[in-house]
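Presented below is the structure to which this report refers.
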Amino acid sequence: MDTIFFNTKVYDQQFFTECNKQYNHQIRFLEVPLNEGTAPLAKGSRAICVFVNDVVNSTVLHQLAEEGIELVALRCAGFNNVDLKAAAELGIKVVRVPAYSPYAVAEHTLALILTLNRKTHRAYNRVREGNFALNGLIGFDLHGRTVGLIGLGKIGVVTARILKGFGCKVLGFDIQQDREAQEAGVEFTDLDTLYAASDIISLHCPLTPKTHHLINEESIGKMKDGVMLINTSRGAIIDTKAVIKGLKSEKISYLGLDVYEEEGDLFFEDLSNKVIKDDVFMRLLSFNNVLITGHQAFLTRDALQSIARVTLQNITDFEQGRALVNQVLP
Ligand code: NAD
């Protein structure tokens with residue numbers, strides 16, 4: 001089926017081209033993101049494929065409908081960037097990749113925790129400059145520490161299992177209590193208890209109206225002094241300005257982010273020769289106990305292969321009129 005891929009990078013093109021040898025869809029790769037200005041480029045296709053920061057709001061969906069688009073295939077798990085109600089009203093189906101590799105994101109979460117704790121990023125630079133002094137590199141044992149996970153779905157559970165391997169006590173909060181999480185050793189609790197008892201708090205819930213700015217001045221106030229906060233989920237779950245305040249007051253001693261609420265203007269692009277105009281982001285970068293990666297938690301070979309396979313299968317299912325097992329409904 002004719003499908004336009006928006007916002008593609010070299011690695012998308014590589015993994016999708018390889019996988020498409022089994023599916024034979026007519027793919028056109030575009031580098032531009034999807035937004036109101038680029039939506040007309042979808043003309044001539046029945047389907048489009050988009051990623052986390054593409055704009056799929058009501059206006060864009062109306063434009064897509066006019067161009068004859070019947071399917072929006074997300075090559076990601078999150079769908080907070082799509083106006084599902086508008087899509088349904090226009091008869092456009094939306095599919096996603098609900099699970100490609102929870103291990104990729106969970107393992108990246110641990111990479112952030114371990115790097116912030118043991119300061120390997122700073123040690124790497126010191127040793128390369130011939131500075132073998134250890135001052136300022138003191139960490140703590142993860143063994144015996146309490147980690148609070150908010151959201152115990154696929155990624156949260158894998159993260160819990162890894163942390164149990166380190167000898168951590170794992171507390172969990174979710175709107176539903178999953179048996180798999182309990183079997184992984186998660187002790188479910190309420191949010192306030194989780195905030196008060198956790199040395200490390202890691203976010204694994206989706207971005208919804210309920211979780212928007214869940215981490216704010218009030219919730220930070222309930223956390224332990226010196227807490228480590230990790231977000232590999234979606235940027236807007238954290239109120240960034242409140243977190244900066246927490247860093248300045250030293251309430252928060254470590255911050256690890258793979259996502260940022262205004263990342264749409266920054267992430268996935270090489271801006272090394274440009275002026276970054278986001279003062280809030282630049283303030284975050286000024287703290288040496290803040291570690292930011294640019295939404296790369298999903299970026300493993302295994303995950304990219306799985307994303308390509310499930311996305312192309314979703315498109316095939318639509319083309320052949322089969323049930324859309326990965327459809328997202330309003
Ligand atoms: P999932 O659907 O398996 O799990 C999400 C869990 O969050 C569910 O158990 C759900 O009940 C829970 N939840 C929903 N609302 C909640 C609330 N208000 N409070 C507490 N818990 C709540 O999803 P997943 O595959 O584990 O992914 C989790 C999130 O990770 C995704 O929504 C996505 O935003 C993010 N993600 C990020 C990357 C990345 O590269 N950084 C990659 C994949 C997914």
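The values are calculated or read from the model by the stated rules, or taken from the named source; none is laboratory data. Since this is a predicted model, take the numbers as computed values, not measurements. Cβ coordinates were reconstructed from backbone atoms using ideal geometry, including for glycine residues, and neighbour counts include every protein chain displayed.
Quick notes
- Looking across 310, 243, one residue alone is within 15 Å of residue 215 (Cβ to Cβ) and in contact (Cβ under 8 Å) with a residue 12 or more places away in the chain. It is 243.
- Evaluation of residue 163 against the conditions (1) at pLDDT 95 or above; (2) within 16 Å of the ligand (Cβ to nearest atom); (3) surrounded by fewer than 16 Cβ atoms within 10 Å (Cβ to Cβ) shows that the sole unmet condition is (3).
Listed here are the residues, each with its yes/no results for (1) buried (at least 20 other Cβ atoms within 10 Å of the Cβ); (2) among the charged types (D, E, K, R); (3) modelled with pLDDT of 95 or more.
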| position | (1), (2), (3) |
| --- | --- |
| 228 | yes, no, yes |
| 243 | yes, no, yes |
| 247 | yes, no, yes |
| 270 | no, yes, no |
| 301 | no, yes, yes |
| 320 | no, no, yes |
| 329 | no, no, yes |
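- Counting residues in region 52-72 that are touching a strand residue (DSSP E or B) at 6+ places or on another chain (Cβ under 9 Å), at pLDDT below 95, crowded, with 18+ Cβ neighbours inside 10 Å and not charged (D, E, K, R) gives one or more.
- Condition met for residue 99 (within 24 Å of residue 323 (Cβ to Cβ) and assigned to a loop (DSSP other than H, G, I, E, B)): yes
- Among residues of region 103-124 that are closer than 18 Å to residue 163 by Cβ, those with a Cβ under 7 angstrom from a residue that is away from the ligand (no atom under 11 Å from the Cβ) and part of a helix (DSSP H, G or I), sequence gap 6+ or separate chain, pair up as 104/302; 106/162; 110/162; 115/121.
- Single residue of 202, 253 found to be farther than 16 Å from residue 284 by Cα and among the hydroxyl-bearing types (Ser, Thr, Tyr): 202
- Of the residues making up region 166-187, just one is under 24 Å from residue 98 (Cβ atoms), in a strand (DSSP E or B) and away from the ligand (no atom under 13 Å from the Cβ), namely 170.
- Being within 13 Å of the chain's Cα centre (by Cα) and of a type outside the set (Ser, Thr, Tyr) holds for only one residue in 244, 276, 252, 292, and it is 292.
A quick yes/no check of all residues on (1) assigned to a loop (DSSP other than H, G, I, E, B); (2) closer than 22 Å to residue 313 by Cα; (3) touching a residue at least 12 places away in the same chain (Cβ under 8 Å):
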site	(1), (2), (3)
12	no, yes, yes
15	no, yes, yes
35	yes, no, yes
73	no, yes, yes
85	no, no, yes
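- Boolean, residue 234 is more than 26 Å from residue 197 (Cα to Cα) and either among the basic types (Lys, Arg) or at pLDDT below 95 (or both): no
- Just one of the listed residues (293, 208) is hydroxyl-bearing (Ser, Thr, Tyr) and either away from the ligand (no atom under 16 Å from the Cβ) or more than 20 Å from residue 173 (Cα to Cα) (or both), and it is 293.
- Whichever residue in region 101-147 is at pLDDT 95 or above and hydroxyl-bearing (Ser, Thr, Tyr) and, among such residues, is surrounded by the fewest Cβ atoms within 10 Å (Cβ to Cβ): 124
- Among the residues of region 140-158, not a single one is away from the ligand (no atom under 16 Å from the Cβ) and assigned to a helix (DSSP H, G or I).
- Strands (runs of 3 or more DSSP E) fully within region 223-330 counting 2 or more residues that are among the charged types (D, E, K, R): none
- The C-beta contact set for region 275-300 (first residue more than 19 Å from residue 118 (Cβ to Cβ) and touching a residue at least 40 places away in the same chain (Cβ under 8 Å), second residue hydrophobic (A, V, I, L, M, F, W, C) and more than 16 Å from the ligand (Cβ to nearest atom), distance under 6 angstrom, 6+ apart or interchain) comprises 284/290.
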